[in-house]
Structures are given as C-alpha cells and as structure tokens.
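**Student:** The following block contains the structure, expressed as structure tokens.
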Amino acid sequence: MDQSLSIGEFARLTHLPVKTLRHYHQVGVLVPASVDPATGYRRYDADQVGSAHLARRLRALSMPLPEVRAVLATRDEGSRNRAILDYLERMERDLDRTRAAVSSLRSLLEGPAHPLAIEHRDVSAQASLARRATVDKADIAEWCAATYPLLDEVVAAQGLTASGPGGALYDRTFFEQSRGEVVAFVPVATTPAAGRGLVPFEVPAARLAIAVHPGPFDDLDRTYGSLGTAVAAAGLRAAGPIREHYLISPAESADPRDWRTEVCWPIAG
C-alpha cells in the first residue's frame, strides 16, 4: 500500500501552499520523494513533514532560500543546529539595530527636550597612549570595542593612571568618505611607552566648542548637526579633527541611555 503523500495532502500537513511546495522543488529546498514521469505529480514521504515545518519557520524569519537549502541538506544535527543558532543571533543583532533606529526616529520626531548647551573651552596639549588606524565608518563600533580595553590594559600594565576620560580624534575624511584616520587615546600624566600596536601620542592643544551628547551613539549625528550649525553661524569654524571624549562609555555602563559623549568642534578665536 502506498504510504506516500500527494502534494495536496502534504500541503495540509505542513501549512505550505502547493505553489510554495512546487517552488521549493524547483530551487532544491524540498525535493519530493518521487515524481511521476508521466503526470508530473509529486509525492512526499511522511518523514519530510519535519523538514517542511523547519523550512516554513526559517522562511518566516526571512532566511534566504540558499541558506534554508543548506540547513535542510545538513545531516549532522549538531552542525544544523549551529547554523540555525548562528542565523538567530544575526536576527537578534538586526532586531537590536531596528529597535535602536526606531527609538532614534521617535526621538527625532519629538525634538530635543532642551536647547543644546555649548561650552567654549581651551585645552592644553595632553600626553596619551593611543592607537592610530584608518577605519571604515561601518567598522568603528567594533574597532573601538577592541581598542579601548586594550588601551586600558596597557596603561595599567605600565603602572600609569588615566588622567581623564578616553577620547578619539576623527579626520575629516572619516565623515566625508566614510573612511579615515582615527586616533583613539587615553590621556596619562607621564609619557607612556609604545607596545602592542599602541604609541605615545600628544593630543594637540585646541580651542573647542563642546556639547555633551546624552545617550546612544546612533543619535550622535543630531548633536554634531546642532553643534556644527552653531559654530558655522558664529563664524568660528577652524581646521582640525573633531574629537570626542567618552565621559560615560560602554565600559562604564551597558545601558546606552547612560552614555555621555563630549563632541568637541575646533573653533577659531
């Protein structure tokens, strides 16, 4: 007695429409157990129901069909589960980015709670331990996440004490071309030694217009926009890299709402 399932029966068992099952056959995601050479009728084995259920859920999470095909073709359960978990982690990261973007857009629509406070400050040259690199803007979060713990570790290993919050200088091409030199630094009281890809660096003296940005880095553009506009309107623009000081950084708090960043714009006069 034939125990196989017609495509209609299989559709009812799996909640996958016949049209979808035909497409999955065409692209090699879910191949029927047999196809009648005369009629073209597809028949499925009952043990394919589990694979169909898995394919349906993976597609509901927008997994591309080539990845679904690879998952279903993997016979080793451990390898298959790792592939699925890797995809779920990617989805969770995407979801975090979506939540952050939604929050940022809501904040933009609501407008600032208070006018931006701007301070003018003269800063002296400052000895520091630094890491210099040309960084793609898309990679800056990952680069900073690796750089600042290393800076803190080497500062401590040299018996030095940070004399202020960590910061960074951003070359203009970083913003204009989405790739440019970044100098991440931790200020110290005495000149440090080089090592592990880090170098002594003197943060240059400057006159700066400074505004404190509260919250996630995703919204930094708003503080940049307000501060830069105010500087331009006052005719105070000067050459030099923009710098940031991380007063409360991810190292101090895992909650982005707690972060505080000084945005420092070089000014003349």
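The values are calculated or read from the model by the stated rules, or taken from the named source; none is laboratory data. What you see is a predicted model, and the numbers here were worked out from it, not measured in a lab. Every residue, glycine as well, gets a Cβ built from its backbone with ideal geometry; the counts of neighbours run over all protein chains shown.
The rows are residues; the columns are (1) in a strand (DSSP E or B); (2) more than 27 Å from ALA101 (Cα to Cα).
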{"position": "ASP152", "(1), (2)": "no, yes"}
{"position": "GLY159", "(1), (2)": "no, yes"}
{"position": "PHE174", "(1), (2)": "no, no"}
{"position": "GLU202", "(1), (2)": "yes, yes"}
{"position": "ALA209", "(1), (2)": "yes, yes"}
{"position": "ASP218", "(1), (2)": "no, no"}
{"position": "ASP221", "(1), (2)": "no, no"}
{"position": "ALA239", "(1), (2)": "no, yes"}
{"position": "TRP265", "(1), (2)": "yes, no"}
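**Student:** Kindly indicate the residue of segment 135-173 that is touching a residue at least 60 places away in the same chain (Cβ under 8 Å) and acidic (Asp, Glu) and also nearest to PRO241 (Cα to Cα) among those meeting that condition.
**Tutor:** Just the residues of segment 135-173 that are touching a residue at least 60 places away in the same chain (Cβ under 8 Å), to begin with: 141, 145, 148-149, 152, 164-172.
Next cut, acidic (Asp, Glu) only: 152, 171.
On the way: ASP152: 23, ASP171: 5 Å.
Going through the qualifying residues, I end up with ASP171.
**Student:** Let me confirm something: among ALA162, ALA157, ALA189, ALA145, which residue is touching a strand residue (DSSP E or B) at 6+ places or on another chain (Cβ under 6 Å) and assigned by TED's automatic domain parsing to the domain that holds ARG260?
**Tutor:** ALA162
**Student:** Can you tell me which condition GLY28 does not meet? The list is (1) in a loop (DSSP other than H, G, I, E, B); (2) touching a Phe, Trp or Tyr at 6+ places or on another chain (Cβ under 9 Å), and all the others hold.
**Tutor:** (2)
**Student:** Which number in (1) modelled with pLDDT under 95; (2) more than 18 Å from ALA130 (Cβ to Cβ) marks the one condition that GLY240 misses?
**Tutor:** Status for GLY240: all satisfied but (2).
**Student:** Further question on the same structure: From the list ASP221, ASP258, ASP171, which one is surrounded by fewer than 16 Cβ atoms within 10 Å (Cβ to Cβ) and closer than 21 Å to ASP136 by Cα?
**Tutor:** ASP221
**Student:** Still on this structure: Of everything in segment 103-128, what is assigned to a loop (DSSP other than H, G, I, E, B) and either of a type outside the set (Gly, Ala, Ser) or in contact (Cβ under 8 Å) with a residue 60 or more places away in the chain (or both)? Give them in sequence order.
**Tutor:** Selection gives PRO112, HIS114, PRO115, LEU116, ALA117, ILE118, SER124, ALA125.
**Student:** Moving to a separate point now. Check off (1) closer than 30 Å to ASP94 by Cα; (2) outside any helix (DSSP H, G or I) for ALA52 and give me the number that stays unchecked.
**Tutor:** Single failed check for ALA52: (2).
**Student:** Being in contact with a Ser or Thr (Cβ under 7 Å, 6 or more places away or on another chain), under 21 Å from ARG207 (Cβ atoms) and among the hydrophobic types (A, V, I, L, M, F, W, C), is that true of even one residue in segment 148-166?
**Tutor:** Checking segment 148-166: not a single residue is in contact with a Ser or Thr (Cβ under 7 Å, 6 or more places away or on another chain), under 21 Å from ARG207 (Cβ atoms) and among the hydrophobic types (A, V, I, L, M, F, W, C).
**Student:** Considering each residue of segment 55-89, count those that are over 15 Å from GLY28 (Cα atoms), assigned to a helix (DSSP H, G or I) and in contact with a helix residue (DSSP H, G or I) (Cβ under 9 Å, 6 or more places away or on another chain), and give that number.
**Tutor:** Summing the residues that are over 15 Å from GLY28 (Cα atoms), assigned to a helix (DSSP H, G or I) and in contact with a helix residue (DSSP H, G or I) (Cβ under 9 Å, 6 or more places away or on another chain) in segment 55-89 gives 5.
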